[in-house]
Amino acid sequence: MSDFNAAGRRGLSGISYPERYLHDLSLQLAERFDGTFNAETVERYVLESYTALLRTATVKAHLATRVARFAADRMTALAQAKGAIARDVPEVLFVCEQNAGRSQMAAVLTHSIAGDRIHVRSAGSAPTAELNPAVVLALEEIGLDPSREFPKPLTDDVVQAADVVVTMGCGDACPIYPGKRYLDWQLDDPELLGLDEVRRVRDEIRAHIEQLLQTLEGGSDE
């Protein structure tokens, strides 16, 4: 596998043979998505996901786990978009520039409010390495745990799978597909704010989410 060998030469800290890890992950996901994607497609998604996350990784201890989650979620999104996996609830995608602040808060808050009634994803047009510490604190102090979240690049598959795409200062980076609902929430960037102001943005996001959920579950227009 020349692609995996090339990836391995770049190195994955904490894993002696990253090409073997990527190969094994591809086999696992090929079995999981058997009948939906062929082995070559799965292999490509795994390598692309690894390469994308490696670009911004500064602490590689969690990279292997993140690659597995990112690749699996992208393939799930693509399968949903193709109709191979049924969607029982609305799919909402939150997008900001770094996927370290606004979009992450929106995803965590939506999940806490709506539970399994809505499925959420988040992504960034130019993702950073880790979540904004003030954003993490602002969520933790209201009892929410964002520890499993991490910045992810915006990919075409998650946009295709979404029913609603909410942008928050990511410019024109998000592709436009017909039949989808696009919203733009004007929110200050937490990267430039102190904790008190981050709390304000968090509460503004919560208000937006509550309004969005009313339209999604009530069927009215926003």
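The values are calculated or read from the model by the stated rules, or taken from the named source; none is laboratory data. Note that the coordinates shown come from a computational prediction; the quantities given were computed from them, not determined experimentally. Don't worry about glycine lacking a Cβ; one is built from the backbone with ideal geometry, like all the others, and counts go over all protein chains shown.
Could you say whether any residue in the range 181-189 is within 12 Å of Asn99 (Cβ to Cβ), out of contact with any strand residue (DSSP E or B) (no Cβ under 7 Å at 6 or more places or on another chain) and not charged (D, E, K, R)? No, the conditions are met nowhere in the range 181-189.
Yes/no per residue for (1) in a helix (DSSP H, G or I); (2) among the hydrophobic types (A, V, I, L, M, F, W, C):
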residue: Gly35; (1), (2): no, no
residue: Val42; (1), (2): yes, yes
residue: Tyr50; (1), (2): yes, no
residue: Leu54; (1), (2): yes, yes
residue: Leu63; (1), (2): yes, yes
residue: Arg66; (1), (2): yes, no
residue: Met75; (1), (2): yes, yes
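So, in the range 75-107, of the ones that are out of contact with any strand residue (DSSP E or B) (no Cβ under 7 Å at 6 or more places or on another chain) and charged (D, E, K, R), which residue ends up surrounded by the fewest Cβ atoms within 10 Å (Cβ to Cβ)? Ranking the candidates gives Asp88 first. Cβ separations smaller than 7 Å between residues 6+ apart or across chains give the following pairs from the range 133-157 residues that are outside any helix (DSSP H, G or I) to residues that are among the β-branched types (Val, Ile, Thr): Leu144/Val108; Pro146/Val108; Pro146/Val136; Glu149/Val108; Pro151/Thr56; Pro151/Thr128; Leu154/Val95.
If I go through the range 173-199 residue by residue, how many of them are part of a helix (DSSP H, G or I), surrounded by fewer than 16 Cβ atoms within 10 Å (Cβ to Cβ) and modelled with pLDDT of 95 or more? Within the range 173-199, residues that are part of a helix (DSSP H, G or I), surrounded by fewer than 16 Cβ atoms within 10 Å (Cβ to Cβ) and modelled with pLDDT of 95 or more number 3.
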